[in-house]
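The values are calculated or read from the model by the stated rules, or taken from the named source; none is laboratory data. All figures in this text were calculated on a predicted structure; none of them were measured in a lab. In this analysis, Cβ positions are derived from the backbone assuming ideal geometry, glycine residues included, and neighbour counts consider all displayed protein chains. In case anyone asks, the SASA skips ligands and DNA or RNA and just uses the protein heavy atoms, side chains included. Shrake-Rupley method; radii C 1.70, N 1.55, O 1.52, S 1.80 Å.
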Amino acid sequence: MLQYAQDAQETDTPWERWEAEDSLGGWNPMQAHPLWNLSMRYRRKPRTIRIGDHKVPEPERNAPEEDQEYYVPSTYNIAMYQEYRWENVPFDQRCLARGLVHLSEEAAKCHARALIALTARE
């Protein structure tokens, strides 16, 4: 609620930054101020970036916790991502600086698909 109040100080339509969970576990954009029903879950919409014509989840901008799994998009393997553990070594730091660190497999896959779309033959 505090985060929503902060959003309301920045915009007249803070609900546009939020989603509510439906009964099937999906997330839906909000159309108005939330009622803050205790039986529902709310969250800020995940931030995205644009790669070509694709919107993808924003990569992490801060270092993950030590030993936390993270995923880097991969354009050359079937899985479309590589999995690593954060050890704060130069490789980890380079991935973070280049905007390649995601905390979910699906976010890394989405990022890889967008990169592939930039150069794929039609």
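Annotations for the structure displayed:
- Selection of first residues in segment 1-28 that are within 12 Å of Y42 (Cβ to Cβ) and of second residues that are small (G, A, S) and in a strand (DSSP E or B), restricted to Cβ pairs under 6 Å at least 6 apart or on distinct chains, gives the following pairs, ordered by first then second residue: N28/A20.
Residue-wise test of (1) among the charged types (D, E, K, R); (2) closer than 30 Å to N88 by Cα; (3) at pLDDT below 95.
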position: Q6; (1), (2), (3): no, no, yes
position: M30; (1), (2), (3): no, no, yes
position: N37; (1), (2), (3): no, no, yes
position: M40; (1), (2), (3): no, no, yes
position: R44; (1), (2), (3): yes, yes, yes
position: T48; (1), (2), (3): no, yes, yes
position: D53; (1), (2), (3): yes, no, yes
position: P64; (1), (2), (3): no, yes, no
position: Y70; (1), (2), (3): no, yes, no
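- Where a residue in segment 74-87 is among the basic types (K, R) and its partner, wherever it lies, is crowded, with 17+ Cβ neighbours inside 10 Å and not in a loop (DSSP other than H, G, I, E, B), with Cβ under 8 Å and at least six apart: R85/Y70
- Residue that is nearest to H111 (Cα to Cα), among those in segment 16-31 that are open to solvent by less than 50 Å² (accessible area, probe 1.4 Å) and not in a strand (DSSP E or B): G26
- Number of positions in segment 68-104 that are open to solvent by 90 Å² or more (accessible area, probe 1.4 Å) and in a loop (DSSP other than H, G, I, E, B): 4
- The one condition from (1) more than 12 Å from L100 (Cα to Cα); (2) of a type outside the set (G, A, S); (3) open to solvent by 50 Å² or more (accessible area, probe 1.4 Å); (4) not in a strand (DSSP E or B) that R61 does not meet is (1).
- Residue within segment 34-43 that is among the hydroxyl-bearing types (S, T, Y), open to solvent by 40 Å² or more (accessible area, probe 1.4 Å) and in contact with a strand residue (DSSP E or B) (Cβ under 7 Å, 6 or more places away or on another chain) present: yes
- Note on segment 35-58: residues that are within 24 Å of Y70 (Cα to Cα) and in a strand (DSSP E or B) amount to 10.
- Boolean, A108 is outside any loop (DSSP other than H, G, I, E, B), open to solvent by less than 50 Å² (accessible area, probe 1.4 Å), farther than 30 Å from A8 by Cβ and touching a residue at least 60 places away in the same chain (Cβ under 8 Å): no
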